[in-house]
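Worksheet for the structure shown next.
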Amino acid sequence: MRMLIMGPPGAGKGTQSKKISQDFGIPEISTGALFRTHVANQTELGAIVSAIMEKGELVPDAVTVAMLDDRLTQPDTAPGFLLDGFPRTVAQADALDQILATLDVDLDVVLSFNVDQETLIQRMLKRAAIEGRSDDNEETIRRRFEVYTAQTEPLLALYRDRGILVEIDGMGTVDEVHARIMEALKK
Ligand code: ADP
């Protein structure tokens, strides 16, 4: 199973990814989490991306694609993978197509979460209080939404046209949303 999980910031992608990854025994690959690890470990890449993330801007495509390419060619992805937070731009979607073509595999499904804006903001502010993620402040949250709407949301049409987009109602509890995903994936 090779899948993408898409949706605006705060839609619950990370939470649901972890569950799906366990259910299907495939690695969950989150570009945001990979970047946060680099920042925490004070790597060279971490130094490049930390200020960008603080502002809610996107890390340059070339940097993100190189990191993802490296991750997708590791052996644990052989049974499949779940990408969370990638692709976020048309260029990244094109790069992903090329990487997958080289590996001679296809995407099976793209999950997209629909959640109303007010709920998203409430969830993120709550997460800010619990996890203390430095990009979960009001100004950065607003910018991340703008970036999502301008750069990432248009990608949904691409996957819809390919017939692999599955839209999930992301409102309700974690378990309710998870049950909807499992139901949708049966089809
Ligand atoms: P969220 O979906 O809540 O915005 P993520 O953890 O997916 O959180 O991303 C956090 C930040 O990491 C983004 O705002 C961006 O700066 C950076 N980032 C993550 N994935 C990408 C990507 N595919 N391309 C560029 N930047 C990315």
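Here, each number is a calculation from the coordinates, and none is a lab measurement. These numbers come from a predicted model, not from an experiment. Here the Cβ is made from the backbone with ideal geometry for all residues, glycine too, and neighbour counts use every protein chain on show.
One residue stands out among those in region 29-74 that are charged (D, E, K, R) and touching a helix residue (DSSP H, G or I) at 6+ places or on another chain (Cβ under 9 Å): the one that is farthest from R133 (Cα to Cα), which is D69. If only residues of region 78-105 that are of a type in the set (D, E, K, R) and closer than 21 Å to E153 by Cα are counted, the one that is surrounded by the most Cβ atoms within 10 Å (Cβ to Cβ) is D84. Selection of first residues in region 98-126 that are free of Cβ contacts under 8 Å to residues at least 60 places away in the same chain and of second residues that are β-branched (V, I, T) and surrounded by 12 or more Cβ atoms within 10 Å (Cβ to Cβ), restricted to Cβ pairs under 7 Å at least 6 apart or on distinct chains, gives an empty result. Figure legend. Inter-residue proximity from region 128-145: first residues more than 10 Å from the ligand (Cβ to nearest atom), second residues small (G, A, S) and outside any loop (DSSP other than H, G, I, E, B), beta-carbon distance below 8 Å, spacing 6+ or different chains. Indicated pairs: N137/A128.
The set of residues from region 80-116 being assigned to a helix (DSSP H, G or I) and more than 14 Å from the ligand (Cβ to nearest atom) comprises D97, Q98, L100, A101, T102, L103.
Summed over region 29-52, residues that are more than 7 Å from the ligand (Cβ to nearest atom), at negative phi and not in a helix (DSSP H, G or I) total 3.
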